[in-house]
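Report on the following structure.
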Amino acid sequence: MKATIQKEQRVGPEHQRPETEFVSPEVNIFETKDGYMLEAEMPGVKKEGLEITLDGNELTIVGRREPEPPCGDLLFRERNVADYRRTFELDPAIDTTRVSAKMDQGVLTLTLPKSERVKPRRITVD
Amino acid sequence: MNNLIRWNRPTMPAWPTFGRLTNLRDEIDRLFESPLAELARTSQLFSGWTPPIDVYEDKDNLYVKLELPGMKKEDIELSLHDGSLSISGERKSENKYEGADMHRSERFFGRFQRTVSLPTPVATDKVKAQYKEGILSVTLPKTEEAKPKQIEVNVG
């Protein structure tokens, strides 16, 4: 089986941070013949709070939560306040120059197209 | 640096280990006695999607915040009944990508329901809700009777 984008890993040693500083967003990853789609749940993150970095074939998404205005005393807490971070190893077939991102109601959608040369194509016989 | 570490959702409660299974009876007993927070966490084991809730209070309002990423506003329902606020809804799975292979499926689709028992009476006709950045914020103004009051005592 060929490499896919889902070989993920935690923070690399070169930028080691305390584990508690980030939470891993939940993701769905789809693959079609044209590319990959990655959806990551990052409620509380605006477009401005997103950092998407590509380093070689490593894709890192960081989502910083919009600070919420204080509203009184906390009675009950379940939500995590940490920022989001997750790293993925990309399939070499992905054309990293054409990666695009969209943010909608706390869900980041990344579109990672495969480069033209690896796409399956039909060859017509004259 | 290519060592692959199994992904664990950091906020999930750990499953009971074998040592603790022997105390299952205690666990079950605790489940029925425990405060709301504990119950809410434990109930994650039984239901698919339990969006996390925060509740705040100031002197005029109660605030309930719920993380519901990727919903449509129309699919969220709010109701107030007997001093409880219920938030329910459905996140519909859209078959967006025709013929796609699924490599990872961690997001939950389907129905959810959360109920918060409100610590003070609220003015039900003045409740406001806003859905932004995947977070539902509900503001519930306290009734006049429930607000803290300063009583002036005239010493005559």
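Computed from the coordinates by the stated procedures, all read-outs in this text should not be read as laboratory data. The model shown is predicted, which means the values in this text are computed figures rather than measured ones. Note that each Cβ is placed from the backbone with ideal geometry, even for glycine, and that neighbours are counted across all protein chains shown.
Return the FRET efficiency for the residue pair B:Ser105, A:Val81: r is the Cβ-Cβ distance, R0 is 35 Å, and the value is rounded to the nearest 0.05.
Details: r = 26 Å, r/R0 = 0.75.
According to the calculation, E is roughly 0.85.
Give the total of Lys-Lys pairs in region B:44-138 with Cα-Cα distances below 13 Å; include a pair only if its members are 8 or more places apart or on different chains. If you can, show how the numbers build up before the last one.
Numbers: B:Lys65/B:Lys128; B:Lys65/B:Lys132; B:Lys72/B:Lys92; B:Lys72/B:Lys132; B:Lys73/B:Lys92; B:Lys73/B:Lys132.
Lysine pair count for region B:44-138: 6.
Estimate the FRET efficiency between B:Glu152 and B:Lys126 by the formula 1/(1 + (r/R0)^6), using the beta-carbon distance for r and 22 Å for R0, to the nearest 0.05. Kindly include the intermediate steps, with their values, before the conclusion.
Numbers: r = 27 Å, r/R0 = 1.23.
Here the calculated transfer efficiency is 0.25.
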